[in-house]
Amino acid sequence: DDDELLLDLLEDVLEKAGYVVVRAEDGRECVLMFKAEDPDLLIIDLDMPLRSGFEVLEEIVRDNIGRRRFLILSGRERQQDIDRGMRLGINDFIVKPFNGAALLKRVQEVLTS
């Protein structure tokens, strides 16, 4: 995500729950981070600078990079975006604004599925 306040909130909520967080502020940085870190879960926004969330997911899937647990966190709630994400293998789609407790529950569900 490119929203610094949202990134801080996400990081705070996830770290308080015991998760290790690695941040990326644009799509290009996200791909590089994903390749280097191979995270257990990628939480990604669709609207980011340099590469969209879909472009990032498409590259990860195309190049068969790392684990495949994806959660889209987006201000968009269009069915076509959800469908496109599902075709790319996302595990969940959360619409902003979000509730921290609900986000943690869905993160846990994705990680244990």
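Answer yes or no as to whether Ile43 is closer than 21 Å to Leu7 by Cα, touching a residue at least 60 places away in the same chain (Cβ under 8 Å) and among the β-branched types (Val, Ile, Thr).
Spelling it out, Ile43 is indeed closer than 21 Å to Leu7 by Cα, touching a residue at least 60 places away in the same chain (Cβ under 8 Å) and among the β-branched types (Val, Ile, Thr).
Tell me which of these Phe54 doesn't satisfy, since it passes every other one: (1) out of contact with any helix residue (DSSP H, G or I) (no Cβ under 6 Å at 6 or more places or on another chain); (2) of a type outside the set (Lys, Arg); (3) modelled with pLDDT under 90.
(3)
Collect the residues in segment 46-79 that are surrounded by fewer than 19 Cβ atoms within 10 Å (Cβ to Cβ), of a type in the set (A, V, I, L, M) and closer than 19 Å to Glu25 by Cα, keeping them in residue-number order.
If the condition is that a residue be surrounded by fewer than 19 Cβ atoms within 10 Å (Cβ to Cβ), of a type in the set (A, V, I, L, M) and closer than 19 Å to Glu25 by Cα, then Leu50 is the only one that fits.
Restricted to segment 80-113, and to residues that are touching a residue at least 12 places away in the same chain (Cβ under 8 Å), over 12 Å from Ile43 (Cβ atoms) and among the charged types (D, E, K, R), which residue is surrounded by the fewest Cβ atoms within 10 Å (Cβ to Cβ)?
Ranking the qualifying residues of segment 80-113, first place goes to Glu109.
The values are calculated or read from the model by the stated rules, or taken from the named source; none is laboratory data. This structure is a prediction, so every number in the text was calculated from the model and none was measured. A quick note on method: Cβ atoms are made from the backbone with ideal geometry, for glycine too, and the neighbour counts reach across all protein chains shown.
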